[in-house]
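The next block holds one structure in the form of structure tokens; read it before the comments.
The values are calculated or read from the model by the stated rules, or taken from the named source; none is laboratory data. All values derive from a computational prediction rather than experimental measurement. Cβ placement follows ideal geometry from the backbone for every residue including glycine, while neighbour counts extend to all protein chains displayed. For the accessible areas, the whole protein counts, side chains as well, though only heavy atoms, and no ligand, DNA or RNA atoms are used. Shrake-Rupley method; radii C 1.70, N 1.55, O 1.52, S 1.80 Å.
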Amino acid sequence: MSYRILIADDHPLMRAALCQAVADSLPGAETIQASEFSGVETVLARDDGIDCVLLDLHMPGMNGLIGLVLLRNEHPAIPVIVVSAMEDAATIRRAMQYGASGFVPKSAPVDRLGAAIRAVIEGQIWQPDTDEADTAEDVDVADRIAGLTPQQLRVLAGIAEGKLNKQIAYEMGVVETTVKAHVTVILRRLGVVSRTQAAILAGRLALHATEVETAGS
């Protein structure tokens with residue numbers, strides 16, 4: 001079977017390496033590339049034949065794991081494999097909580113990537129072994145955030161970045177009253193009473209600078 005794989009990473013050399021890894025492990029597979037999150041959305045909006053997305057967590061526009069949640073909400077039938085230089089248990093756990101079908105460290109052998117792609121396309125879950133268990137609070141937060149609509153997730157991303165309603169409205173191409181309405185719904189669904197509390201909660205989806213530096217990504 002010939003697969004069509006979308007490779008999403010902002011580093012050209014890494015995209016080239018992933019394309020070669022796919023070619024080596026899945027002969028005949030077609031690869032499509034995107035260097036930022038908006039590019040991923042554009043490809044998926046116009047192409048309904050993508051079998052799997054290989055997603056880097058640090059691309060421009062990702063807003064941490066909010067980008068992953070957006071993809072899962074907007075394209076639930078397309079499995080996403082996170083391919084990351086960050087291999088710690090917490091990052092793996094959070095990626096899987098927020099909708100990834102697989103997680104493959106960038107240091108993994110080529111054949112492991114191919115096995116992961118085949119597995120998730122067949123409906124399986126693929127991730128490294130980790131002894132860190134999900135807490136009830138983590139699961140609750142993941143469920144609440146996953147319940148937001150794509151537009152609400154975009155507003156939440158703006159809140160997490162400290163943007164004003166008018167800034168978020170401009171970037172989304174909507175009027176400010178629409179953003180205010182989304183904020184009201186977001187606060188209620190997340191069980192918080194202020195934008196600050198919502199931003200703190202959204203921070204759980206962020207990949208903090210210390211983590212990125214530690215991973216060398």
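Points worth noting:
- Model label points for SER107 and THR177, set 7 angstrom from Cα along the Cα-to-Cβ axis, are 5.5 nm apart.
- Note, ³J(HN,Hα) from phi for the range 31-45, Karplus 6.51, -1.76, 1.60, rounded to Hz, x at Gly and Pro: 10, 10, 10, 9, 10, 8, 4, 4, x, 4, 4, 5, 4, 5, 6
- In the context of the full set of protein chains, residues of the range 39-133 present 39 Å² of accessible surface per residue (probe radius 1.4 Å, heavy atoms only).
- The range 15-92 shape via C-alpha gyration tensor axes, a/c threshold 1.5: oblate
- Remark: the chain carries a charge dipole of roughly 820 debye about the Cα centre, counting +1 on each Lys and Arg Cβ and -1 on each Asp and Glu Cβ.
- Angle of helix 136-146 to the longest C-alpha principal axis of the chain, folded into 0 to 90 degrees and rounded to 10: 80°.
- Listed residues GLN151, THR42, HIS11: farthest to the positive end of the dipole of the chain (Cβ charges): GLN151
- Principal-axis tilt of helix 176-190 within the chain, Cα atoms, nearest 10 degrees: 80
- Between PRO79, GLY28, THR196, the Cα set farthest toward the positive side of the dipole of the chain (charges on each charged residue's Cβ, about the Cα centre) is that of THR196.
- Angle between the chain longest axis and helix 150-160 axis [Cα atoms, degrees, rounded to 10]: 70
- For the range 1-65, the dipole from Cβ point charges (+1 on Lys and Arg, -1 on Asp and Glu) about the Cα centre works out to 60 debye, to the nearest 20.
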